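Here's the structure, in structure tokens; my notes come after.
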Amino acid sequence: MKTLEELMAIRNKMQSQVNLRAEDATVRVVVGMATCGIAAGARPVLTAFSDGIQEKGLKDVMVTQTGCIGLCQYEPIVEVIEPGKEKVTYIRMTAEKAAEVIEQHLIGGDVVAKYTISTELK
Amino acid sequence: MVNIKINGVDYAVEEGTTILEACRMNGIRIPTLCWLKEINAIGACRICVVEMTGARSLVASCVYPISKFDEGKNILTHSPAVLESRKTTLQLLLSNHNKKCLSCDRSGNCELQTLCRELGVDDENLFDGAKNEYEIDTSAAHMYRDNNKCINCRRCVAACEKTQGVGVIGANNRGFATEIACAFDMDLADTACVSCGQCIAVCPTGALGEKDDTDKVWAALADSTKTVVVQTAPAVRASLGEAFGFPMGTDVQGKLAAALFKLGFAHVFDTNFGADLTILEESNELLERITKGGALPMITSCSPGWIRYCEAYQPEFIPNLSSCKSPQQMTGAMLKTYWAEKNGIDPKNIVSVSVMPCTAKKFEIGRDDQAAAGVADVDISITTRELAKMIDKAGIRFAELEDAQFESPFGSGTGAAVIFGATGGVMEAALRTAVWKLTGEKNDSPIEFAEVRGVEGVKFAEYTAGGVTVKVAVVSGLANAKALLEKVKAGEVDVHFIEIMACPGGCVNGGGQIIVPADVRNFTDIRAERAKALYNLDAKNTVRKSHESEDVKRVYAEFLGEIGGHKAHELLHTTYKASGLRK
Amino acid sequence: MYRSQVLICGGTGCTSSGSMKIADKLEEEIKKNGLADEVKVVRTGCFGLCALGPIMIVYPEGTFYSMVKIDDVPEIVEEHLLKGRVVTRLVYDETVVADQIKSLNKTNVYKKQKRVALRNCGVINPENIEEYIAVDGYQALYKVLKEMTPDDVVKVILDSGLRGRGGGGFPTGRKWQLAKDLVKDADQKYVCCNADEGDPGAFMDRSVLEGDPHVLIEAMAIAGYAIGATQGYVYVRAEYPIAVNRLQIAIDQAREVGLLGKNIFDSGFDFDLDIRLGAGAFVCGEETALMASIEGNRGEPRPRPPFPAEKGLNGKPTVPNNVETYANIPQIILKGADWFTSMGTEKSKGTKVFALGGKINNTGLVEVPMGTTLREVVYEIGGGIPNGKQFKAAQTGGPSGGCIPAEHLDIPIDYDNLIAIGSMMGSGGLIVMDEDNCMVVIAKFFLEFTVDESCGKCTPCRIGTKRLYEMLEKITSGNATLEDIDKLEKLCYYIKNNSLCGLGQTAPNPVLSTLRYFKDEYIAHVQDKKCPAGVCTDLLQYTIIADKCKGCTACARVCPVGAISGTVKEPHVIDTAKCIKCGACMSKCKFGAIIKG
């Protein structure tokens, strides 16, 4: 290793891994991972979120799991909780939809309304 | 230069000078215990503490180099705090010291005792508590170690390691249990101690001492069936006087001989005879090695400490050692063969005593191949110190003695022999004879070889005579010897002949000489002072070359035959063997 | 990419309680549940909460599990890692507030802390250089080598006000400056790291070595550049096998990528590091003894001056600093001196790590800004004294330090304040004493340590400390007179003033500080032949109060020497001649009928 570029390359490569351990996340993406969720395909959704967020280098977003919310028919369910805002609940999620949510909602700031439970219930 | 104040008075001292030296130069003596100039500046005992402006605690003056950062500081050498501290230090030492002063060999010249008196120790039991108790190590032939009297000043360690490059003793354990001993608490006899006795010479207390063999001498003297004869080495006459109030460097040869007669020795001889004999044999050996081929450089063999060192630490140089016995052993051998025969005495009934400046001689008399007449060449070897004790015990008023002469046939040592006691002396004596030989045995061949004189640890010289160039080196102190031999091994030094003396300065500073307190030792060059006495004796002597000695000539004519011949070899030469570092 | 990471402490404390086996089991279970690609197990250094070990933190939530057992692992994996349900019963109580689980950083233990030296401990995997680089590692070295002159480096460190964290608190920048300038044209200089942590109870240096070894390598290389040294030595006690192992791994990794060795960052600067193991002598923490030991000699101090900056290792100019001091360096370089001086007090900048021990609820390592009060450390961070007992004193500075009484609880902790009240910072051991501690016994405890650890070179320490100890023993056994107390005090000052090295000069501090603040306790031992704390058995007497004794015989049955006699249902009596004062009867008595005093 001779240059700063080489050093920074390693740093950037590793940083997302280590940042996971920082507790300064303000936005929480909660994936329902009870038996119902897993059966409905929550696993790939969870992975898609955590991978996507790390890839995009979103520092203040934390992906976590939760148990059964009680809306089993809508699983996989993903909640996005931002401070000071109303919780957004996405339903029947897939890995592809997750990518859209990351891009539009978490990065762009616009809720992807078509996947939310409120749209469904209307 | 740095401007400081000592007790409020201004002085300018050179940067790097220690506080202790600066004070000494300006007339103030600071007491010391552990400090030995050049070899033991460790600040361990804390006797030499002084107060110094700005210092958080008291400062050990022996190790504090005055620097530019000390400009303007004031040093108090005997403030109440300083005096109280020194006294407490002594009292703490006493609390772990066997205080059997009345029966101590060093009573009267113990540095601890002296300091206690000087510093007004009023209660020697103030801090009494747990005490370490040690067995006395009497394993070695030449000395004992009584750690019950050791104050952990480590002067012996420094002498062994720094002066001699031997290092068979050091600190074991730690804290209150710290003890100066051999590694793994081995007995001294099981180590490669070279028996030089330099540790004893620097010990401030009675923790170290030579094995006292005077009882054996008293017993022999009282035995009417024995003929008790004594020989005394050149260096003894340069030191013995110190025990009886003579200034260092006083030659007491005549009183020494007189005292030995008074003690009751039947015959009193001079080891100088053996020294002359050594020169004839050794210079012959050297010239043979140079002209006919042999292990070079040839190295002298007079110093038993060096021999022991060579056998243990530098065995590759064993072939280089002269095969000559030491003067003590040559004199002893001639006593029990030639002299016994001439006087019709059975060698078994002769008790041959030697007085030596050396503790290693006690070891040497027991070596293999040192029994020309089938019995030991020398039976008892005592040190200069033991002789002084005998003189005291016998009530002999040494200072008042009329000078006496050593007896023939071993009484007329040459000037060449007497300088054996100083570093370079053997070399000079050998050169006197070798150059005489090389230049066609002319009587006006040179006598003085100034280049090999002096107290320097290592000296080199080169002489050309009769077309032969002889390159020589003179070294004293085994650490110096070690360094020189490493250079010989590396091919950096190329000489024909090396004189090696185990003790720095040669025998005058031997491990068996009168003890000189550190306070004197640190500011006086013992080696030079005592050597002067020997060089004066040489200068006064009318016979200054060994081959001119009538005694020696007669012995060859009547008894030994040719120099380096068969009989001479049988009686006056010996062998060596590698000993390894552990028993 | 991993969505979750489980950090397991691999410090010495947790390792001793089996954390590495738990980590293995965890990996096994994760694999079994098919989570190997999603969840990563990271073995880190010490978190500082050693009493709670083995500990585990699950990220991203930051759930803190304490005292985890190997049998708990399957549950944690199935419930938490797979299904996202926190295993509440294993969560550390302090992090549970009103049934809500909060992260460790929000607990009292952590909240008041400011982690600089310990910044990466418990956060990164110490055996992976890339994780260190991820948290900005080696950027300071780059900056120094490429953008700064040695003078610039020394200036930043001087300006930061950083002082040595190992004991004396000598300004680090000044030390570097002297080593850089004092000896012109030295052919060789050295950088040393003192990791011979020996104060009883202190283990911050070990934690840094175990948790963040690269910070040391980076800092030593920076020091090397600043003073012109190309070789460094880390002197670690052999009793720290994990630390030694991790440091060696770190050195190997740094060498492999060229962060140690020739021409680092193409700057022309060469630097390498080697480890030297100490054999466990406390005195080797003294810098000159440490260097003697590195040289292969008996580890004994030598007089100073000359100081190491002039004549150090092998007689060459040397900078010796301790681990915690070095751990601050890279951040000072990156964030600047002003950042560092923004923390702390006027003369003590930055933070200090303390090892909390003794009568305190949260034992372990904490790092606080200089100037935090003792009260905050003991009560807020340390959680106070167990069992509702009264705080009596805090001992700081290890065997060289002193005891701080309750009246000084509100003193802001920094180098100078501690010295002013008769203690010292030392390496940061902080041992809390409550009303049940006898202060004479405390002094004796520390003295015993010094007596054992004295190298034996100088008279005051070799014999003086032994005599001090004996005097204290005389006091605790009730055989001393008031004159003995004076003699004790005098000897203390003598040892302080006359010893060769810092160990001896500070050895009497535990005695002097207890004499200063708790002299009445000494006098009680001597004059009244009583130990107020009821600790010194020679001064104790157990008696049965006849009125309270029901004659149940429980005490007589438990007495190991048959010193209690009495008839059933009649008051019993203790034969004081036979009694060995073990206290068994007192704890057995249900009626509080037995008292000691």
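Between C:Lys111 and A:Ile81, how high is the FRET efficiency from 1/(1 + (r/R0)^6) when r is the Cβ-Cβ distance and R₀ = 22 Å? Nearest 0.05.
Numbers: r = 23 Å, r/R0 = 1.06.
Working from the Cβ atoms, E equals 0.40.
Apply the membrane-span-like helix rule to chain B: whole DSSP H runs, Cα extent along the own long axis of at least 24 Å, mean Kyte-Doolittle hydropathy at least 0.5. List the helices found.
Details: long enough: B:272-292 (29 Å, -0.32).
Helices meeting the criterion: none.
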Ranked C:His80, B:His496, B:His142, criterion: other C-beta atoms within 10 Å, fewest first: B:His496, C:His80, B:His142
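Kindly rank C:2-9, B:229-236, C:64-71, C:388-395 from highest to lowest mean number of other beta carbons found within 10 Å of each residue.
On the way: C:2-9: 24.6, B:229-236: 29.6, C:64-71: 18.0, C:388-395: 20.4.
By packing density, highest mean first, the sequence is B:229-236, C:2-9, C:388-395, C:64-71.
Using per-residue counts of other Cβ atoms within 10 Å, averaged over each peptide, order C:334-340, B:261-267, B:197-203, B:423-429 from highest down. Before the final figure, lay out each step's value.
Working: C:334-340: 15.7, B:261-267: 18.6, B:197-203: 26.6, B:423-429: 29.7.
Output ranking for C:334-340, B:261-267, B:197-203, B:423-429: B:423-429, B:197-203, B:261-267, C:334-340.
So, R0 is 56 Å and r is the distance between the beta-carbons of C:Asn245 and B:Lys131; what FRET efficiency does that work out to, to 0.05? Could you put the intermediate results ahead of the total?
On the way: r = 44 Å, r/R0 = 0.79.
Here the calculated transfer efficiency is 0.80.
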Amide H contacts under 5 Å for C:Gly402, placed H, 5+ residues apart: C:Thr396, C:Met424
Mean-position separation - Cα centroids, region B:252-299 and region C:414-466, in angstrom: 63 Å
Residue-averaged 222 nm ellipticity for the protein assembly as shown, from DSSP H runs of 4+ at -39500 (n - 2.57), nearest 500: -9500 deg cm²/dmol
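Let me check I have the definition right: for chain B, take the eigenvalues of the Cα gyration tensor, multiply each by 5, take square roots. What are those semi-axes in whole Å, largest first? Mind showing how you got there, number by number?
On the way: eigenvalues 366, 151, 98 Å².
After diagonalising the Cα gyration tensor, the semi-axes are 43, 27, 22 Å.
Report, as an integer, the average count of C-beta atoms from other chains found within 10 Å of each Cβ along A:1-12.
6
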Nearest-0.05 FRET efficiency for B:Asp392 and B:Ser224, computed from C-beta distance (R0 30 Å): 0.75
Fluctuation leader among A:Gly57, A:Gly108, A:Gly67 - chain A, Gaussian network, Cα springs under 10 angstrom: A:Gly108
Coarse-grained scattering of region C:422-571 at q = 0.09, 0.21 Å⁻¹, given as base-10 log I(q)/I(0) from a Debye sum over alpha-carbon atoms: -0.39, -1.25
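As a test, work out the antiparallel percent of DSSP beta bridges whose residues both lie in the protein assembly as shown, rounded to the nearest 5. Working shown, then result.
Numbers: 70 of 128 bridges.
Antiparallel bridges: around 55 percent, rounded to the nearest 5.
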B:Ala528 versus C:Lys347: modelled label distance in nm, points set 7 Å from Cα along the beta carbon direction: 5.0 nm
Pairwise Cα inverse-distance average, inverted: Kirkwood Rh of region C:8-69 (Å): 11.7 Å
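Would you mind checking the pairs A:Lys13/C:Lys25; C:Lys392/C:Lys530; B:Lys216/B:Lys336 and listing those with alpha carbons more than 23 angstrom apart? Intermediate results must be reported in sequence, preceding the final value.
Details: A:Lys13/C:Lys25 28 Å; C:Lys392/C:Lys530 18 Å; B:Lys216/B:Lys336 19 Å.
Distance filter (> 23 Å) returns A:Lys13/C:Lys25.
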Average other protein chain Cβ within 10 Å of Cβ, residues B:175-181: 6
Rough spin-label spacing in nm, given labels placed 7 Å along Cα→Cβ, for A:Thr35 and B:Asp494: 9.8 nm
Per-residue ³J(HN,Hα) for region C:399-414, Karplus 6.51 cos²θ - 1.76 cosθ + 1.60, θ = phi - 60°, Hz, x for Gly and Pro: x, 8, x, x, 9, 9, x, 4, 4, 9, 4, 9, 6, x, 6, 8
Residue-averaged beta-carbon neighbours from other chains (10 angstrom radius) around B:160-166: 0
Amide H partners (placed H, <5 Å) of B:Ala465, local residues excluded: B:Val470
Label-point gap, in nm, between B:Glu84 and B:Ala450 - each point 7 angstrom along Cα→Cβ: 5.8 nm
Mean Cβ neighbour count within 10 Å, used as a protection proxy, ranking C:453-463, B:541-551 highest first: C:453-463, B:541-551
Calculated SAXS-style log₁₀ I(q)/I(0) at q = 0.13, 0.19, 0.27 Å⁻¹ - region C:177-237, Debye, Cα scatterers: -0.41, -0.74, -1.09
For the protein assembly as shown, the fraction of alpha-carbon pairs in successive 20 Å shells from zero, as %: 10, 28, 28, 20, 10, 3, 0, 0
Cut-off under 5 Å, modelled amide H: who pairs with B:Ile365 long-range: none
Pairwise centroid distance, computed over Cα atoms, of region B:414-442 with region B:58-137, Å: 47 Å
Cys residues of chain A counted as unpaired, since no other Cys beta-carbon is under 4.7 Å: A:Cys68
Stretchable slack from B:Phe559 to B:Asn26, in nm (0.36 nm times residue separation minus alpha-carbon distance): 185.7 nm
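Taken together, the values in this text are just the output of simple stated rules run on the coordinates, not laboratory data. Just so we're clear, the structure is a prediction, and the values are computed from it rather than from any experiment. A quick note on method: Cβ atoms are made from the backbone with ideal geometry, for glycine too, and the neighbour counts reach across all protein chains shown.
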